[in-house]
1. Is there any pair linking a residue in the stretch 106-122 that is of a type in the set (S, T, N, Q) and assigned to a loop (DSSP other than H, G, I, E, B) to one that is crowded, with 19+ Cβ neighbours inside 10 Å and modelled with pLDDT under 80, with Cβ under 8 Å and at least six apart or on different chains, and which?
2. Checking the structure you have, find out if any residue of the stretch 13-25 is open to solvent by 70 Å² or more (accessible area, probe 1.4 Å), more than 17 Å from GLY78 (Cα to Cα) and hydroxyl-bearing (Ser, Thr, Tyr).
3. Identify all residues within the stretch 128-153 that are at pLDDT 80 or above, open to solvent by 80 Å² or more (accessible area, probe 1.4 Å) and not aliphatic (A, V, I, L, M); write none if there are none.
4. Of the residues in the stretch 26-44, how many are at pLDDT below 85 and surrounded by fewer than 13 Cβ atoms within 10 Å (Cβ to Cβ)?
5. I need the full set of residues from the stretch 33-63 which are part of a helix (DSSP H, G or I) and without any contact (Cβ under 8 Å) to a residue 40 or more places away in the chain, in order please.
6. Restricting attention to the stretch 67-104, report how many residues are more than 21 Å from VAL31 (Cα to Cα), open to solvent by less than 100 Å² (accessible area, probe 1.4 Å) and at pLDDT 60 or above.
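The values are calculated or read from the model by the stated rules, or taken from the named source; none is laboratory data. Just so it is clear, the structure is predicted and the values come from calculations on it, not from any experiment. A quick note on method: Cβ atoms are made from the backbone with ideal geometry, for glycine too, and the neighbour counts reach across all protein chains shown. What goes into the accessible areas is simple: the full protein's heavy atoms, side chains included, and nothing from ligands, DNA or RNA. Shrake-Rupley method; radii C 1.70, N 1.55, O 1.52, S 1.80 Å.
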Amino acid sequence: MKETIQANIGSIAFTLDRDAYDTLKEYLDAVRDRLPEHDTETLDDIERHFAEIFGERIASPMQVVSLETVNEAIKRMGRPADFGDGPADARTRNPAPHEILRPLRRTVADRSIAGVCGGLARFFGTDPTLVRIITLLLFLFGGLSLWVYILLWIIVPEESPRIATNKKH
């Protein structure tokens, strides 16, 4: 015998197994943690979508929503990570400067030749134009060989296009 719980999901009353209720509550709490505090509309939409999915699967209002039904609905909805940046406490916490890891990558969006200077500028937190001017001066006055630039072009990996589009916004 399983314990059942009455729950209002998307303004519709459902009866859920205890396991199904706990799983759904855990999922919705994880989504809520990833959304901005003032964004209640998205969570309401998600709940309404769960209600639609449960309505499709449950033949009568007397039927109980099982853990299997909740898991299938979660699979259709996606992971909580798909709904936001991360837990609110992780977004508000300011890491110490030594905790910020900026990998050296050649830029895709801010490149003139191979993205090496743009990547170096992003790595050091400076203006790419300044890095390009310094690199040009080093080329002209023999402080930096063209071979070093080509070597960096080969060795330093290119950032993924997804990261490049996120940094533009």
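1. Pairs that qualify, where the first residue is of a type in the set (S, T, N, Q) and assigned to a loop (DSSP other than H, G, I, E, B) and the partner is crowded, with 19+ Cβ neighbours inside 10 Å and modelled with pLDDT under 80, are THR107/GLU159.
2. Checking the stretch 13-25: not a single residue is open to solvent by 70 Å² or more (accessible area, probe 1.4 Å), more than 17 Å from GLY78 (Cα to Cα) and hydroxyl-bearing (Ser, Thr, Tyr).
3. PHE141, TRP153
4. Residues flagged as at pLDDT below 85 and surrounded by fewer than 13 Cβ atoms within 10 Å (Cβ to Cβ) within the stretch 26-44 amount to 6.
5. Answer for the stretch 33-63, where residues must be part of a helix (DSSP H, G or I) and without any contact (Cβ under 8 Å) to a residue 40 or more places away in the chain: THR40, GLU41, LEU43, ASP44, ASP45, ILE46, GLU47, ARG48, HIS49, ILE53, GLU56, ARG57.
6. So the count comes out to 2.
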